[in-house]
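Values quoted throughout were computed directly from the atomic coordinates according to the rules given, and no laboratory measurement underlies them. What you are looking at is a predicted structure, and each value in this text was computed from that prediction instead of being measured. Counting neighbours? That spans all protein chains shown, and the Cβs are built from the backbone with ideal geometry, glycine included.
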Amino acid sequence: MDDRRPDPTQDTWSGWLPDLDSPDSSTPMTAVTAPSRADGAPAPSIPPRVPLPPPANRVDPLPYAATPIPEWVGPRSGQAPPPPTRLGWAIVCTLFCFMPFGIVAIVKSTQVNPKWALGDWDGARAASRSVKTWCLLAALISPGSSVLLFACSAVAHVANSL
């Protein structure tokens, strides 16, 4: 039994294709005259094939692991770690304190890591401080809003009983 398999590293099926990558091909660049037509009229001549210029700024692809990612600018060596996002505190303030300020704190906390990854280190620190400020405001306003809500409900209950 013959178990010979074709070698996948050998390309034998495309040997008849013209070489399109190199500007100097082995085919001569001469005008080709088509045979005359059946009605006796002269056939138009086909112009010679003109090679295309090589692509400008052609760069050979790098291996996948060595491909640089220019959009990402990481922290420089010796730089401090990213500031805390304080997402947990923002969620606690949303659930147990003044909800609108807690939502603002959550939005600000989700901006810390993307800004840090893009190289906007001052913006990331400012967003982290902003989360802290919004959480403190939510905690301070929460007792006042609870008292206000209790007073409004008491007034509504008294008005309904009259």
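Sorted ascending by nearby beta carbons within 10 Å, beginning with the fewest, V92, V112, V50, V155 become V50, V155, V92, V112.
Among residues other than L137 whose Cβ falls under 14 Å from its Cβ, what is the net charge (Lys/Arg +1, Asp/Glu -1)?
Numbers: positive: R86, K108, R129, K132; negative: none.
Its environment carries a net charge of +4.
Mind jotting down the distance between the C-alpha centroids of region 120-152 and region 92-118, whole Å? One Cα centre to the other: 10 Å. Ranking of C97, C152 by neighbouring Cβ atoms within 10 Å, starting from the fewest: C152, C97. Divided by 2.2 N^0.38 Å, where N counts the residues, the Cα radius of gyration of region 87-161 comes to 1.48. For a paramagnetic label modelled on T110 (point 7 Å from Cα along Cα→Cβ), amide N atoms under 20 Å away belong, within region 81-104, to 83-104.
Less than 5 angstrom separates the built amide H of R86 from none of the residues sequence-distant by 5 or more or on a different chain. Among T110, T94, the ranking by other beta carbons within 10 Å of each residue's beta carbon, starting with the fewest, stands as T110, T94. A Förster radius of 45 Å, combined with the Cβ-Cβ distance separating I46 from D120, puts the computed FRET efficiency at roughly 0.15.
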